[in-house]
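Below is one structure, written out as structure tokens, with a few remarks after it.
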Amino acid sequence: MGDHDNNVSLWNIEKGTVVRTMSGHTDRVASLAWNEYILSSGSRSGNIHHHDVRVSNHHVATLTGHNLEVCGLEYSSDGKYLASGGNDNNVMIWDKSETQPLHTLIEHSAAVKALAWSPFSRNLLASGGGSHDRQICFWNSLTGALHTSVDTGSQVSSLLWSKNSKELVSGHGYSQNQLTVWKYPAMTRIAELTGHEDRVLQMSLSPDGSTVISLGADESLRLWKVFESEATRRKKINDPVKSSKSKLSMSCR
């Protein structure tokens, strides 16, 4: 967990206790991403720190590139590349062993928090911009080239790819605070999922790839049946049936 005291803390979630506190940042820590035993943290200072949690001298590298707060971090599925998004409106792509960015992507015109690597094309990165941008952009991480972009109509706060199909879901802010399900690459809207009373802050995907949990600024957690699981997809291949619409499964406050 990153905090306003400029620290990163590791917690035992079963006991609810702090296992370790790692210092080093000079300002609050707003974003985190794991890559095996390396925990990367992004700060309001614009720096990204790599922490090796196996050793006492945990701070093993500092990545410099952003000049404002780093509000999004995401590793590629193979762990070779790190994507970062900042309040400077930039997306940066880093080799895990380098301290200077491979590419600086400047298409967005607002802060970038939402980042997601495609599970079916390892060099494809999606990024989402804030309320003055509202775009989802798709990038070739090898060349830094922009594939395509779509104006979503509202702040993009989070992105998730389906594990089993070429679809993704985006979380949004004002005015509907909705989750939108998209078909890639056409970027046609499949569903608009409403219920949050304030902006969506973060989303996560269930292990089977079917359910999305969303956290809102309305202090609620909502579980949505959004995608097909791999088991359901295989069953449909053998016994096709009409697919059901995405729906809210549960809401918790």
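Here the spin labels are modelled as points 7 Å beyond Cα on the Cα-Cβ line, and at HIS132 and TRP11 they lie 3.3 nm apart. Charge dipole (Cα centre; +1 on Lys/Arg Cβ, -1 on Asp/Glu Cβ; no other charges) of the range 110-212 amounts to roughly 280 debye. About its Cα centre, the dipole of the chain is roughly 960 debye, where the only charges are +1 on Lys and Arg Cβ and -1 on Asp and Glu Cβ.
Each of TYR81, TYR37 has its accessible area taken with a 1.4 Å probe; listed largest first, they run TYR37, TYR81.
Calculated on the alpha-carbon coordinates, the convex hull of the chain measures out at 136 cubic angstrom per residue. Magnitude of the charge dipole for the range 1-113, about its Cα centre and with charges confined to Cβ atoms of Lys, Arg (+1) and Asp, Glu (-1), is about 220 debye. The convex hull drawn around the Cα atoms of the range 1-41, when projected onto a plane and averaged over every direction, covers 3.0 nm².
With springs only between Cα atoms under 10 Å apart, run a GNM on the chain and tell me which of SER40, SER206, SER170 wobbles the most. Most flexible of the set in this elastic network: SER206. Shape descriptor for the range 4-95: Rg over Rh equals 0.96 (Cα atoms; Rh from the Kirkwood inverse mean 1/r).
When each pair of different Cα atoms in the range 73-176 is counted once in the 1/r mean, what is the Kirkwood radius in angstroms, to one decimal? Provide the component values of the computation, followed by the final result.
Working: mean 1/r = 0.0742 Å⁻¹.
Computed over Cα pairs of the range 73-176, the Kirkwood hydrodynamic radius comes out at 13.5 Å.
Pairs from the list LYS15/LYS113; LYS96/LYS163; LYS15/LYS163; LYS80/LYS113 with a Cα-Cα gap above 22 Å: LYS15/LYS113; LYS96/LYS163; LYS15/LYS163.
Estimated from helices alone, the mean residue ellipticity of the chain at 222 nm is -1000 deg cm²/dmol (sum of -39500 (n - 2.57) over DSSP H runs with n ≥ 4, per residue). Which GluC sites (Glu not before Pro) does the range 1-101 hold that lie in a coil by DSSP with at most 13 other beta carbons within 10 Å? Hits after loop and neighbour filter: GLU14, GLU36, GLU98. Other residues whose C-beta falls under 13 angstrom from the C-beta of VAL29 contribute a net charge of -2, scoring Lys and Arg +1 and Asp and Glu -1.
The chymotrypsin sites (Phe, Trp or Tyr not before Pro) of the range 128-197 that meet both conditions, a loop assignment by DSSP and at most 14 other Cβ atoms within 10 Å of the site Cβ, are TYR174. Rg and Dmax over the alpha-carbon atoms of the range 116-194 stand at 11.9, 37 Å. The label-point distance for SER204 and LYS80, in a model that sets each label 7 Å from Cα toward Cβ, rounds to 2.8 nm.
Peptides 128-137, 103-112 ordered by packing proxy, namely the average of other Cβ atoms within 10 Å per residue, highest first: 128-137, 103-112. Of VAL55, VAL19, the order by accessible heavy-atom surface (1.4 Å probe, DNA, RNA and ligands excluded), from most exposed downward, is VAL19, VAL55.
A simple spin-label model places pseudo-atoms 7 Å from Cα toward Cβ; at TYR174 and ARG189 they are separated by 1.9 nm. Highest mean packing comes first when the peptides 41-52, 186-197, 208-219 are listed by Cβ atoms within 10 Å, giving 41-52, 208-219, 186-197.
The values are calculated or read from the model by the stated rules, or taken from the named source; none is laboratory data. No experiment lies behind these values; they were computed from the predicted model shown. Using ideal geometry, Cβ is built from the backbone for each residue, glycine included, and neighbour counts are taken over all protein chains shown. Heads up: the accessible areas ignore ligands, DNA and RNA and are worked out on the full protein's heavy atoms, side chains in. Shrake-Rupley method; radii C 1.70, N 1.55, O 1.52, S 1.80 Å.
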